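Visitor: Once you've had a glance at the structure underneath, I'll fire off some questions.
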Amino acid sequence: MATSETPFLQGIAPYQRAWLRRDLIAGVTLAALAIPEVMGYTKIAGTPVITGLYTILLPAVVFGLLGSSRHLVVGGDSATAAIMFSGIAALGIAGLQPGSPQWLALAGLSALICGALLILARLVKLGFLANFISRTVLVGFLTGVGIQVAAGQVGGMLGVPKPHVDVDQVSGTLITLGKTLDEIGQTSGATLAVSVAVLVTLVVFDRWIKAIPGGLVAVVATIIVSYAFHLSSHGVATLGPVPSGLPHLGFPSGVSWSNVGGLLGASASMFLVILAQSAATSRAYAVRYRERFDENTDLVGLSLANVAAGFSSTFVVNGSPTKTEMVDEAKSRTQIAQLTMAAVVAIVLLFLTKPLEYLPNAVLSAVVFLIGIKLVDIAGMKAIWRLRRDEFWIAAATAAVVVGVGVEQGIILAIVLSLILHVRRHYVPRDTVVTVDDRGDPHQIPAEPGAVSEPGLVIYRFGVGLFYANASRLVEEAMALVDVDHPPRWFVLLAEAIDDVDYTGGQTLAELADGLAERNVTFAVVAATDHLREELDRFGVTARIGTGRIFPTITEAVAAFRVSSS
């Protein structure tokens, strides 16, 4: 397990000199792959194209130095960019348009709010919250984002005029797509040709020439063709002048405290996505390489990376599964690769922005379109359908709300539905009656009236922790097993799955003991943990049934029942 004694450089130290060559090569490769990708994300975020490069400059350096993961790459991300766009658009500020200085300032403010939420989460050690967004939710959410992102790029790839719809993305995705298709007769043939060529290039290189970055090839090739053949004179829109130099550092200008309140909901949604996606990615690679990573240390790195984004004229950054896989395929071992990527980006910003002005807008639309298609996890949705139908409907509902309503509402709904499903599973646990065969092996049968473990004995297994929502169910099932024509003499609660008892659950057990005593049924408990034994003592259950009626094993409980019946 690789770790560091210091609160920083945990993603680098300890370091072996033999890794340096691979890390440097991986960093250059990562830059070549990531630059076209993050430029494309600006079309989702509604910010100037240069801000995409800014997301993999200072934020990447900050996380590389302060995060604990040796593999996680931080930068612009499609999911958080889509949530941010929705949140800014929903402010309803008159005259606010994507790409404007005011829009960019609000994007920077969103990053600062996310940074504040992440550092607050670190201070109160809320890294565990990442576990509350299930893989099912992420599959559905990212599938919805993928559909939304891909649909939003169709117009750019066709070169049709952008339809006039409300900038509010809460209801604009399907409407925009519909209006774009209405204008399909105005498709620019040259723009469509560029889009098709880029898509073919990306697919071919991704499948058959993986050693060379397809995105970089597409960008460089189209810049050369655009310059040589003056594509702009043939109706192909290009980026135009792109500012060179490093980003301006400072607090976003022209924002107020009222904007903080308006962006808080979207920022909280981004915070949850950052928490879940980054932690899941870091954990996966730490397990793969048997390395240690600390979610709470990563929170510091992610927080300050977003603060760096907010102060360097760009938008929210997130741990990126795609870029992390890119650098892993290049055999990187540490965050030196991410620092190398940032150095390459700085060189591009200082000396190579001039050629970008010839880059057709359709190239970025095609790159983002393919990113969106890859986010649509059909295989994941099929697997969920096959294995857990109830969770599939949560994933499907999440995707539908993201597409039809908005990304922020989609993630909130997904979390709410996940919690409801979790509570439902605990509200309706798999309760059984345990029987024991002649060899002493236990078997479980449905906990239905008339079920017995053996004549006169019911061993009832309650399947989860006991709390206010399911306590009444335990009583109802217990009484249904006891109030029969031939009631049992003993009722034994098999408590191996009861890890905790809240106040309502404790009072319910005490009342159950009294109810069984009134029916002359002996109440016993089997396989209680030390913690549960303490709870039984505190709630007065032990005093009601006696310490002699608490058994460590089923065998001992059955033996005691048989002795009492002889």
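Visitor: Report the gain in length on full extension from ARG388 to VAL204: 0.36 nm times residue separation, minus Cα-Cα distance, nm rounded to one decimal.
Guide: That pair, ARG388 and VAL204, stretches by 62.7 nm at full extension.
Visitor: Spin-label point model (7 Å from Cα, Cβ direction): what's the ALA343 to SER100 distance in nm?
Guide: Spacing of the two 7 Å Cα→Cβ label points: 4.2 nm.
Visitor: With a Förster radius of 41 Å, plug the Cβ-Cβ distance of ALA517 and ALA397 into 1/(1 + (r/R0)^6) and report the FRET value to the nearest 0.05.
Guide: 0.30
Visitor: In addition: Pairs of alpha-carbon atoms within less than 8 angstrom and 6+ residues apart define the contacts here; what relative contact order does the chain have, in percent?
Guide: The normalised contact order for the chain reaches 23 percent.
Visitor: Which residues' amide hydrogens lie under 5 Å from the amide hydrogen of VAL160, considering only partners 5 or more residues apart or on another chain, with H built in the peptide plane?
Guide: Distant-sequence amide H within range of VAL160: SER188.
Visitor: With a 10 Å Cβ neighbour count serving as the proxy for reagent exposure, in which order, fewest first, do VAL368, VAL405, VAL316 appear?
Guide: VAL405, VAL368, VAL316
Visitor: Only bridges whose two residues both fall in the chain count here: according to DSSP, what percent of them are antiparallel, nearest 5?
Guide: Approximately 50 percent, going by the DSSP bridge assignments.
Visitor: Hey, what do the phi angles of region 78-89 turn into as Karplus ³J(HN,Hα) couplings, whole Hz, using 6.51/-1.76/1.60 and θ = phi - 60°, x for Gly and Pro?
Guide: Residue by residue, region 78-89 yields 5, 5, 5, 5, 5, 5, 4, 4, 4, x, 5, 4 Hz.
Visitor: Hey, how many Å between the Cα centroid of region 335-396 and the Cα centroid of region 476-525?
Guide: Region 335-396 and region 476-525 have Cα centres separated by 55 Å.
Visitor: Exposure proxy check: GLU329, GLU535 ranked by fewest other beta carbons within 10 Å?
Guide: Lowest count first: GLU329, GLU535.
Visitor: For region 310-347, which trypsin sites (Lys or Arg not before Pro) are in a loop by DSSP, counting at most 16 other Cβ atoms within 10 Å?
Guide: Sites meeting the loop and neighbour criteria: LYS331.
Visitor: Using θ = phi - 60° and the Karplus relation 6.51 cos²θ - 1.76 cosθ + 1.60, list the HN-Hα couplings for region 490-503 in order, rounded to whole Hz, with x at every Gly or Pro.
Guide: Each residue of region 490-503 in turn: 10, 10, 10, 8, 7, 9, 4, 9, 8, 8, 7, 9, 7, 4 Hz.
Visitor: So what is the 222 nm mean residue ellipticity for the chain from helices alone, if each DSSP H run of at least 4 adds -39500 (n - 2.57) and you divide by all residues, rounding to the nearest 500 deg cm²/dmol?
Guide: That comes out to -19500 deg cm²/dmol.
Visitor: May I pose another question? When mean projected area of the Cα convex hull in nm² is calculated directly from the model, which label among (1) 26.4; (2) 32.1; (3) 28.9 fits?
Guide: (2)
Visitor: Under 13 Å from the 7 Å Cα→Cβ point of THR504, by amide nitrogen: which residues of region 450-489?
Guide: Inside the label zone: 466-475.
Visitor: On to the next question. Between TYR289 and ALA221, 0.36 nm times their residue separation minus their Cα-Cα distance comes to what?
Guide: Working: separation 68, 0.36 × 68 = 24.48 nm, distance 3.71 nm.
Fully extending the segment from TYR289 to ALA221 adds 20.8 nm.
Visitor: Tell me, how many Å apart are the Cα centres for region 176-212 and for region 240-275?
Guide: What the calculation gives is 30 Å, centre to centre.
Visitor: Could you calculate the contour length gain from LEU249 to TYR468, that is, 0.36 nm times the residue separation minus the distance between their Cα atoms, to one decimal place in nm?
Guide: Full-extension gain reported as 73.6 nm.
Visitor: According to a simple spin-label model (label point 7 Å from Cα along Cα-to-Cβ), what is the distance in nm between ILE378 and VAL452?
Guide: Roughly 5.8 nm, to one decimal.
Visitor: Search the structure for amide H atoms under 5 Å from the amide H of VAL242, placed 1.01 Å from N in the peptide plane, and list their residues when 5 or more places away or on another chain.
Guide: Counting only residues 5 or more places away or on other chains, the set is GLU357.
Visitor: Name the residue farthest towards the positive end of the dipole of region 17-422 from the options LEU58, VAL236, PRO360, assuming +1 on Cβ of Lys and Arg, -1 on Cβ of Asp and Glu, about the Cα centre.
Guide: After comparing all options, I get LEU58.
Visitor: While we're on this one: Residue-wise, which Karplus ³J(HN,Hα) couplings in Hz belong to region 8-20, taking 6.51 cos²θ - 1.76 cosθ + 1.60, θ = phi - 60°, and x for glycine or proline?
Guide: 10, 6, 5, x, 10, 8, x, 10, 10, 4, 5, 7, 4
Visitor: Based on Cα positions only, what radius of gyration and what Dmax would you give for region 327-419, in angstroms?
Guide: That works out to 19.7, 54 Å for Rg and Dmax.
Every number here is computed from the coordinates shown, using simple stated rules; none is lab data. Predicted, not measured: the structure shown is a model, and the values here were computed from it. Don't worry about glycine lacking a Cβ; one is built from the backbone with ideal geometry, like all the others, and counts go over all protein chains shown.
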